[in-house]
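Step one of this worksheet: look at the structure below.
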Amino acid sequence: MLPVIDHKPKYVGRLGKELDIEAGRDAAYTAALGILAAAKAHLGSLDRVTRVVRLGVFIATSGDFFDQPKVADAVSDLFRDIFGNDKLPARLVIGVASLPLGMPIELDVIFEVA
């Protein structure tokens, strides 16, 4: 999931160059809301999610940006608030040179459902 609103990028650019950490956190949060909306639409209710199995956070960065975990925390905090500490995932955070459509964040999430 990318940080889009109404099928348009909310942010374009890389962390540490065009965007700062707060924009990165907001982009990650926006993408997470998109994942939750898609899951709810598919499942009918987020109550069917028994846990978040995996969270992959890919962050487009300049070469000298090192705060990827702080950006990813925006998603982890949201999932903790919704699903609880006991349902949090294994997390993978990776800085990359670029992402589709020039966006700064891409999330890969696996939910376990009942």
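The values are calculated or read from the model by the stated rules, or taken from the named source; none is laboratory data. Only a predicted model underlies this, so the values are computations on that prediction, with no experimental measurement involved. Cβ atoms come from the backbone with ideal geometry, glycine included; neighbour counts cover every protein chain shown. When the accessible area is computed, the model is the full protein with side chains, heavy atoms only, and any ligands, DNA or RNA have been set aside. Shrake-Rupley method; radii C 1.70, N 1.55, O 1.52, S 1.80 Å.
Okay, here's what the table says:
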read-out: Environment charge of ASP64, counting only residues whose C-beta is closer than 12 Å and scoring Lys/Arg +1, Asp/Glu -1; value: +1
read-out: Pairs from LYS8/LYS40; LYS17/LYS87; LYS17/LYS40 whose Cα-Cα separation, in the structure shown, is over 25 Å; value: LYS17/LYS87; LYS17/LYS40
read-out: Of all accessible heavy-atom area on the chain, the percent that carbon and sulfur account for (1.4 Å); value: 54
read-out: Given charges at beta-carbon only (K, R positive; D, E negative), |dipole| of segment 1-66 in Debye; value: 320
read-out: Dipole of the chain, positive direction: furthest Cα of PRO69, VAL49, GLY102, with charges on the beta-carbon; value: VAL49
read-out: Å² of accessible area per residue within the chain, as computed with a 1.4 Å probe and no ligands counted; value: 53
read-out: Placed amide H near LYS10: partners under 5 Å, 5+ positions off or other chain; value: VAL4, ILE5
read-out: Dipole magnitude of segment 45-114, debye to nearest 20 (Cβ charges: Lys/Arg +1, Asp/Glu -1, about Cα centre); value: 200
read-out: Radius 14 Å from Cβ of ILE82, net charge of other residues (Lys, Arg +1; Asp, Glu -1); value: +1
read-out: Built amide H within the under 5 Å cut-off of GLU18, gap 5+; value: none
